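Have a look at the structure below before the remarks.
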Amino acid sequence: MAIKIQRDNLKEMYDLDLAQFDKIAVTLDKFKIGVEGASGVWVDMFEDAKVILYREIDYRAEAENTQRWYDNFKDLKWTTSPKVINEFTTSKVLALTFVKGTKISDLKALEAQNFDRTLLAKNLARAYLLAFCKYGFFNTDPHPGNLAVDDGYPGGRLIFYDFGQACELSDKQADGILQVIQSIVDFEAEACVKAMKNLGCLKEGSDFKKVEAVVQNNFETGKVKSKRSKRKRALTEEEKNQKTPKQTEVMKYFKLPPALAFVARAITQMEGVGVMLDEEYEFIDFVADKVPELQVERGAGISYIAGQLFKNWIRS
């Protein structure tokens with residue numbers, strides 16, 4: 001059994017610190033200070049962050065998150081996580097089954113036990129593809145301290161710990177993330193913009209054609225790409241000579257929904273772990289083979305399958 005006990009007066013400390021951040025968020029929005037033009041989101045983002053932070057110090061909420069993650073992944077042999085022991089859990093005491101593992105950042109220990117670091121990196125990416133796009137629920141904090149490995153699966157079984165910070169996605173957001181990944185693999189700017197619109201990343205009244213032109217240019221110039229992305233055809237002379245709007249011209253159309261800020265945070269932390277395990281790590285590359293399976297699960301029909309077969313034939 002693993003026991004987590006909360007320190008005294010922790011909520012009072014949160015109250016004092018977060019009150020200061022409230023003031024900062026209001027000021028940032030007042031003066032329209034954003035990220036590359038995407039402004040006016042700090043108060044909303046911080047309100048969502050406070051919900052997650054306060055839930056983190058209610059161990060009953062963490063217990064709920066922990067059990068939810070365990071239930072989502074319990075049938076997969078390549079990953080595991082602790083289970084909650086409810087009879088000993090309160091708002092300030094969390095009781096879990098003890099799952100022993102080797103810290104994922106201890107690369108020498110991983111190699112000494114013949115764990116497959118590339119497989120572990122792929123399974124980390126795969127777990128988050130499922131968390132984002134199938135279950136709509138993810139741990140926002142996949143840093144090395146929350147990850148370990150044991151010998152419960154050939155090449156190493158991935159262990160996830162600490163679900164104090166977790167975030168839920170709407171079904172539309174989960175599908176939007178999947179479609180963004182698909183569009184990057186397929187090099188389809190129109191599909192990418194449609195997915196971003198469904199994600200809530202584009203403001204009402206946006207010039208979608210202008211955004212699409214910038215996304216297409218980013219694909220063609222390699223600013224946005226994956227190892228799985230392949231140009232379907234050579235550009236025409238008209239396309240080569242077409243004037244593309246500047247990035248700064250379209251950033252005013254973007255906004256960042258709070259939940260997606262946590263998605264970005266999780267992907268960034270996961271990237272650090274993935275590259276540590278395998279220098280060739282890339283999230284989209286490592287999950288691309290699983291995307292069609294999720295598309296079908298989410299209702300994609302024969303036209304999607306036929307389209308993917310045709311695109312693969314064109315690429316080959």
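Throughout, read-outs are computed from the coordinates displayed, never taken from laboratory work. Computed from a predicted model, the values in this text were never measured in an experiment. Quick reminder, even Gly has a Cβ in these numbers, built from the backbone with ideal geometry, and neighbours come from all protein chains shown.
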Checklist outcome for this item: Stretched fully, the stretch from residue 77 through residue 311 gains (0.36 nm per residue minus C-alpha distance, one decimal, in nm) 81.0 nm
Checklist entry - Quick one: if you stick a label point 7 Å off each Cα along the C-beta vector at residue 50 and residue 172, how many nm between them? => result 2.5 nm
Checklist entry - How much FRET efficiency would the formula 1/(1 + (r/R0)^6) give for residue 6 and residue 87, where r is the Cβ-Cβ distance and R0 is 22 Å, rounded to 0.05? => result 0.75
Checklist entry - Based on the inverse mean of 1/r over its pairs of different Cα atoms, what is the Kirkwood hydrodynamic radius of the chain, in Å? => result 21.6 Å
Checklist entry - Say we join alpha carbon atoms closer than 10 Å with springs in a Gaussian network model of the chain; which of 120, 76, 110 then has the biggest fluctuation? => result 76
Checklist entry - How large is ³J(HN,Hα) for each residue in region 72-89, as worked out from phi by the Karplus curve 6.51 cos²θ - 1.76 cosθ + 1.60 (θ = phi - 60°), to whole Hz, x for Gly and Pro? => result 5, 10, 5, 8, 9, 6, 8, 8, 8, 7, x, 9, 7, 9, 5, 5, 10, 9
Checklist entry - To the nearest 10 degrees, how steeply does helix 10-30 sit against the main Cα axis of the chain, on a 0 to 90 scale? => result 20 degrees
Checklist entry - Magnitude of the Cβ-charge dipole of the chain, K/R +1 and D/E -1, about the Cα centre, nearest 20 debye? => result 680 debye
Checklist entry - Say the cut-off is 30 Å between C-alpha atoms; which of 203/243; 197/246; 77/223; 122/210; 23/210; 194/243 go over it? => result 77/223; 122/210; 23/210
Next on the checklist: What is the angle, in °, between the Cα long axis of helix 208-221 and the longest principal axis of the Cα atoms in the chain? Nearest 10 is fine, range 0 to 90.
Outcome noted: 80 degrees
Checklist outcome for this item: Fraction of alpha-carbon pairs in region 51-146 farther than 18 Å apart, rounded to whole percent, equals 54 percent
Checklist outcome for this item: Taking the dipole of the chain about the Cα centre (Lys, Arg +1; Asp, Glu -1; charges at Cβ), the one of 193, 31, 308 that reaches farthest to the positive side is 308
Item to check | Order by protection proxy (mean Cβ within 10 Å, highest first), peptides 287-293, 64-70 | outcome: 64-70, 287-293
Checklist entry - Placing +1 at every Lys and Arg Cβ and -1 at every Asp and Glu Cβ, with all other atoms neutral, what dipole size does region 128-206 have around its Cα centre, in debye to the nearest 20? => result 180 debye
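Want the number for residue 247 to residue 113: 0.36 nm per residue separation, take away the alpha-carbon distance, what's left?
Answer, rounded to one decimal: 43.5 nm.
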Checklist entry - For the Cα atoms of the chain, what angle does the longest principal axis make with the long axis of helix 302-315, in degrees from 0 to 90, nearest 10? => result 70 degrees
Checklist outcome for this item: So residue 279 and residue 207, fully extended at 0.36 nm per residue minus their Cα-Cα distance, gain in nm 22.1 nm
